[in-house]
Amino acid sequence: MTQKNESRNKYLQVKTRATHEIHEAKRTEANRICREKKRIWINKKIRQIEVASNINDARKFFKEAQIFNKQKSVLPISCKGKSGNTLSEHGDILRRWRQYFCDLQTVSSGTEELISENVILSNSEEVHPPTYYEVNQVIEKLKIHKAAVSDNIPAELIKQVGQS
């Protein structure tokens, strides 16, 4: 890369056919080397992914594989209006989405009646608190390296406290 940059600077200072050819040769060589190094790097990453897969290390497997899955999401440039016509203007699309989500938030009285009919309250069955053995079984089954729930206590911490 340094030789390529030097040849470019020399070409920009003295614009002759010879300096142009030298620069093109250096640029072609630099691009070839970059392609070769990229190919080697990709092959190395693929081998790392295969090793993680073979030893059943799912966390490392997905972390390494994520490098190859960098896809950009494409936003829709059109959508259907409430009457079925196609909207293509940005403002019209935003208004339609706003209307759609407002309609989702609005709950009709018919669904409230259905919900209240399905609720059956029963206090006849008494639930006993869990035993020490049951709590230990649940703690052992916790998966590590997962996001903490609403209490923000990671499973690793709960397992470490349980071992003390």
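Is at least one residue of region 5-25 closer than 27 Å to HIS145 by Cβ and free of Cβ contacts under 8 Å to residues at least 24 places away in the same chain?
Within region 5-25, not a single residue is closer than 27 Å to HIS145 by Cβ and free of Cβ contacts under 8 Å to residues at least 24 places away in the same chain.
Hey, could you check region 83-92 for residues that are modelled with pLDDT of 85 or more and part of a helix (DSSP H, G or I) and say which is surrounded by the fewest Cβ atoms within 10 Å (Cβ to Cβ)?
Here the answer is GLY91.
Can you name every residue in region 127-159 that is closer than 23 Å to LYS60 by Cβ and in a loop (DSSP other than H, G, I, E, B)?
LEU142, LYS143, ILE144, HIS145, LYS146, ALA147, ALA148, PRO154
Scanning for something in a loop (DSSP other than H, G, I, E, B) and within 20 Å of the chain's Cα centre (by Cα), does region 7-28 turn up at least one residue?
No, region 7-28 contains no residue that is in a loop (DSSP other than H, G, I, E, B) and within 20 Å of the chain's Cα centre (by Cα).
From (1) outside any helix (DSSP H, G or I); (2) at pLDDT below 80; (3) closer than 29 Å to ASP57 by Cα, pick out the condition that doesn't hold for ASN123.
(3)
Among ASN56, ASN31, which is the only one that is in a helix (DSSP H, G or I) and not assigned by TED's automatic domain parsing to the domain that holds TYR100?
The unique qualifying residue is ASN31.
May I ask you to say which residue of ALA52, ALA58 is closer than 26 Å to HIS145 by Cα and surrounded by 14 or more Cβ atoms within 10 Å (Cβ to Cβ)?
Numbers: ALA58 fails: surrounded by 14 or more Cβ atoms within 10 Å (Cβ to Cβ).
The conditions single out ALA52.
Just the residues that are of a type in the set (Gly, Ala, Ser) and either surrounded by fewer than 14 Cβ atoms within 10 Å (Cβ to Cβ) or over 25 Å from LYS37 (Cβ atoms) (or both), please, taken from region 1-24. Show your work before the answer.
The initial filter retains those residues of region 1-24 that are of a type in the set (Gly, Ala, Ser), namely 7, 18.
ALA18, the sole residue that qualifies.
So which pairs qualify, if the first residue must be in region 54-70 and modelled with pLDDT of 85 or more, the second must be not in a helix (DSSP H, G or I), the Cβ gap must be under 8 Å, and the two must be at least 6 apart or on different chains?
ARG59/HIS145
The values are calculated or read from the model by the stated rules, or taken from the named source; none is laboratory data. In this text the structure is predicted, and so the values were computed from the model without any measurement. Positions of Cβ are backbone-derived with ideal geometry, glycine not excepted, and every protein chain shown enters the neighbour counts.
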